[in-house]
Amino acid sequence: MEERNLESEAMMAQATPRSVFVTGGNRGIGLAIARRFATAGDRVAVTYRDGKPPASEGFLSVRCDVTDSQQVDQAFKEAEAAHGPVTVLIANAGTSNDRLLVRMTEDDFASVIDTNLTGAFRVTQRAVRGMLREGHGRIVLISSTAALHGSAGQTNYAAAKAGLIGFARSLTRELGPRDITCNVIAPGLTETDMSAALTPDQRRDLLRQTPAGRLGHPDEIADAVTFVAGAGAGYVRGAVIPVDGGAGLGH
C-alpha cells in the first residue's frame, strides 16, 4: 500500500481557493471566521440580516434571513455565481431572547428555534446538495456551551444549540464515507455583543466558572473553525469542540 504524505496533500488542497459561505458573518464571531478564511486566500460570502454589510473586507455580502428558505436559496445562488459551488459552510447566524421559562411565550421559544436550529437546517440542506455534486465539503455548526451544561433563562437558546449537536451527528452518519464532514464548535463566554449586554454581576459569575479567568476572543473561535474546516481534519466527524476557557472541562 502506497504511503500517503498527508501534510503535503493537505497543503495542496488548501492552496486552491475554496468557496466559503458564512451565515451571520457581518459581526462578532462570524466576522472573525470570515476574515480568517479570506486571509487564507479563500473566496468568502457572508450573510447578514440587519444593519450594514462588512465594509472593505473583500467579502461578498448578501442579505439573508435564515428563517426564509427563498432568501437562503437566493443567497447561495449569488455566492455560487461569484465564487463557484460552496464547499465550506459555517452556520453561525443566531439570535437569543432570554427569559425564565414561566415568563417565556411560545413565540419567544419558537423564534429562537427557527433561527438557531431550523435556520442551520435550511443552509446546510442547501449546501449539501452542491457538496455531494462536488464530492467534498466541510460543514461547521456554531453551537454554544449552553447546549452542554444549560443556562438559566435560556431554555430556548440552549435547546436550539443542543439540537445542532444531534443534527450534526445524524448528518455525519448520513454522509458516511463521503469527503463531507460536519462538526460543531461550542463557544463559551466570548467578547461579542451578546456578552457586552451582561450585567457586571453576571459577568463576574461566569468568569468565576471559567478556569482561564477571561472571556474568549472571536479569533480563538475562528482558530477552531478553520481547523475542522481544513483539509487535515477529514477524519474529524460529528465532533463537538468546546472553546470555553475550560468552563465545561471538555463537556
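The values are calculated or read from the model by the stated rules, or taken from the named source; none is laboratory data. Worth saying up front: this structure is predicted, and the values here are computed from it rather than measured. We place every Cβ from the backbone using ideal geometry, glycine too, and count neighbours over all the protein chains shown. These area figures cover heavy atoms from the full protein model, side chains too; ligands, DNA and RNA do not enter into them. Shrake-Rupley method; radii C 1.70, N 1.55, O 1.52, S 1.80 Å.
With protein chains left intact and a 1.4 Å probe, residues in segment 195-251 average 56 Å² of accessible area per residue. In terms of its C-alpha gyration tensor, segment 45-179 comes out oblate, because a/c is 1.5 or above while a/b does not outweigh b/c.
Sort 81-89, 23-31 for me by packing, meaning the mean count of neighbouring Cβ atoms within 10 Å per residue, highest on top.
23-31, 81-89
The alpha carbons of segment 142-251 occupy a box of 48, 27, 24 Å along the principal axes, longest dimension given first.
Which of the trypsin sites (Lys or Arg not before Pro) found in segment 56-156 are loop residues per DSSP with 16 or fewer other Cβ atoms within 10 Å of their Cβ?
Passing both the DSSP loop test and the Cβ count: Arg99.
Computed from Cα positions, the angle between helix 218-228 and the longest principal axis of the chain comes to roughly 40 degrees.
For segment 49-143, GluC sites (Glu not before Pro) are listed when DSSP marks them as loop and at most 16 other Cβ atoms sit within 10 Å of their Cβ; the list is Glu57. Given +1 at the Cβ of Lys and Arg, -1 at the Cβ of Asp and Glu and no other charges, the dipole of the chain around its Cα centre is 100 debye to the nearest 20. If a spin label sat at a point 7 angstrom from the Cα of His251 along the line to its beta carbon, the backbone N atoms of segment 178-209 nearer than 17 Å would be those of 186, 188, 209. Rolling a 1.4 angstrom probe over segment 123-251 with all protein chains present gives an accessible area of which 53% lies on carbon and sulfur atoms.
For segment 23-138, report the accessible area per residue in Å² (1.4 Å probe, heavy atoms, rounded to an integer). Numbers along the way, then the final one.
Values: 5680 Å² over 116 residues.
For segment 23-138, the per-residue accessible area is 49 Å².
Just want the answer: with Cβ charges of +1 for Lys and Arg and -1 for Asp and Glu, which residue in Leu164, Ala239, Val225 is farthest toward the dipole's positive end in the chain? Going by the Cα projections, it comes out as Leu164.
In this rough spin-label picture, where each label sits 7 Å from Cα along the Cβ direction, the Thr118-Glu174 distance is 1.7 nm. Going through [x] 49, 42, 38; [y] 86, 50, 33; [z] 57, 40, 37, the figure that equals Cα extents along the principal axes in Å as computed for the structure here is [z].
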